[in-house]
Each structure stands twice: as structure tokens, then as C-alpha cells.
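The values are calculated or read from the model by the stated rules, or taken from the named source; none is laboratory data. Keep in mind that what you see is a predicted model, and the values were worked out from it rather than measured. So basically every Cβ, Gly included, is an ideal-geometry build from the backbone, and we count neighbours across all protein chains shown. Note: areas computed on protein heavy atoms with side chains; ligands, DNA, RNA excluded. Shrake-Rupley method; radii C 1.70, N 1.55, O 1.52, S 1.80 Å.
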Amino acid sequence: SLVALPGELSDDVSTQVIINTIIARQVLRLGLRDMSPRPRLILQSAANSAVGKLITIFALQEGLEPIRLVREPKSADLLRGILPGGHVISTNAEGWQYEVRNVARGDIALAVDGVGGPMLTDLSRLLATKGRVVLYGTLADAPSDMTLYSHKALTVTGTTILTWQDDTTPKERDADMRAAIEVGLAQKNVFGGSSEFTLKELDKAINAVTAPGKSGNIILKF
């Protein structure tokens, strides 16, 4: 797709906002599709990631109450400051599952996960019977215990940007593009700063893509 972006969008935001917005909105579309009654809240893993922050933004616009999971207490504090709304809980804190149940004040019907592995197992313990998980990533690169997914009749639905055009209508795709531009202009603070390299530094740029702690995208300047 060729998308015309306004000049007010910086390069670092422009390189992130389209793809991440598409994923975030596709996750919510699949999560809310045919759910009756409509869930009151949404449980998010990887809430401090670029996609996770956008899921929060669009979930709030949908009137959902997000319960956002991050690993470190420090990350939780930073996320509350950058993006207020809902609850933020550190999974490194003892008894974090109890805290999730406490703030949920009832059954959790919908969760979105970008981690997989043991987190997918933890979500199965927190979800209500016949609950739903939308999986959009496997950062953990580890196996999951799926026992409760059968016992509780839970549903796991995977999504990827690679099937976006097949899974959406032209009207939905147009709405996604407009939403990306709007969020890029209105909430630039949720996007990490990118790193820029010249073509002569191509080897450094390639190494930077997989460097630990990478924030934002890697941009080549011509």
C-alpha cells in the first residue's frame, strides 16, 4: 500500500505508525468480533511495546478498560506517565495474578498477547471459561502449557499483518490508515526514537536491527 503521510509526521514516527497501527487494530478487531456480551475490559501482555501501547489507545477509544502487564516495576511507572488509562501491573511482582483478578472485579473474557510461552499459560489461568486470546507475537520463544485451553474451552486466535488485506474490507483498511495518521500526530510520545544510518554504514544498521534494547526503527538516509 502507498500511503500519503502529512509533513508534520517525523521520520521516526512515520516508520513505526502504519505497521504497528494495523497490527493493533487487527488484534482488537479479531478480539471483539462476535463477542456477546461485549467485554468490559481487556488483559494485555507486552503492554510497554510499541504495538501494546497502540492497543491500549484503541482499546480506550472502544470504551474498554485495559489491564496492562509489563515485566519490571520501573517500566510500569514509566508507562503510567506516558500513557494513562486502565491499570498497569508488573509481572515480576509477587502475587501479580491476584492483583489482576482484584482489579478485574469479575471474569476476564478477552486477552491479547505478544509474548507467548509461559505468559500464554498464565493467561489461561486468568481467563474466564470460554474466554478468548488474540496472539500477535511470540517474544518468549518458548513452549506453552495448553492444558487449560481445552479444560476451560478457551479460544486462541493468531493474527499477522501478512493477512491484513485478506481479512479486512476496503473500508476497514481505509479506517486503519486514517487512524494511524491521527495517532501519529496526536500521541508522538508513545513511539520510541529511531536510529539513523547512511548507506555507507549499512553493516552497522543491520547489526542495530537486532541489538539488545533497540528502540524504534532503523532508518537508512539517502
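Just give me the residues in the stretch 124-141 being among the hydrophobic types (A, V, I, L, M, F, W, C), in a strand (DSSP E or B) and surrounded by 17 or more Cβ atoms within 10 Å (Cβ to Cβ), in sequence order.
L127, V133, V134, L135
Are any residues in the stretch 80-98 over 17 Å from E65 (Cα atoms) and among the charged types (D, E, K, R), and if so, which ones?
E94
Anything in the stretch 190-222 that is assigned to a strand (DSSP E or B) and open to solvent by 40 Å² or more (accessible area, probe 1.4 Å)? List them, or say none.
Matches in the stretch 190-222: S195, E196, T198, I218, L220, K221.
Let me spell it out: the conditions are (1) in contact with a Ser or Thr (Cβ under 7 Å, 6 or more places away or on another chain); (2) closer than 14 Å to L43 by Cβ, and A153 meets all of them except one. Which number is the exception?
All conditions are met except number (2).
Given the residues T121, T163, T157, which is the only one that is touching a residue at least 40 places away in the same chain (Cβ under 8 Å) and either of a type in the set (S, T, N, Q) or open to solvent by 40 Å² or more (accessible area, probe 1.4 Å) (or both)?
The conditions single out T157.
Each row is one residue, and each column tells you yes or no for (1) within 15 Å of the chain's Cα centre (by Cα); (2) open to solvent by 10 Å² or more (accessible area, probe 1.4 Å).
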position: P6; (1), (2): no, yes
position: D34; (1), (2): no, yes
position: I42; (1), (2): yes, no
position: V51; (1), (2): yes, yes
position: L60; (1), (2): yes, yes
position: E72; (1), (2): no, yes
position: L79; (1), (2): yes, no
position: P84; (1), (2): no, yes
position: G95; (1), (2): no, yes
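Just name the residue that is nearest to F191 (Cα to Cα) out of those in the stretch 17-27 that are open to solvent by 10 Å² or more (accessible area, probe 1.4 Å) and not β-branched (V, I, T).
So the residue we want is N20.
Can you go through L60, L32, L64 and tell me which one is among the aliphatic types (A, V, I, L, M) and touching a helix residue (DSSP H, G or I) at 6+ places or on another chain (Cβ under 9 Å)?
Sole residue among the options that is among the aliphatic types (A, V, I, L, M) and touching a helix residue (DSSP H, G or I) at 6+ places or on another chain (Cβ under 9 Å): L64.
Going by the conditions given, is D12 of a type outside the set (F, W, Y), over 18 Å from the mean Cα position of the chain (by Cα), modelled with pLDDT under 90 and open to solvent by 40 Å² or more (accessible area, probe 1.4 Å)?
It is true that D12 is of a type outside the set (F, W, Y), over 18 Å from the mean Cα position of the chain (by Cα), modelled with pLDDT under 90 and open to solvent by 40 Å² or more (accessible area, probe 1.4 Å).
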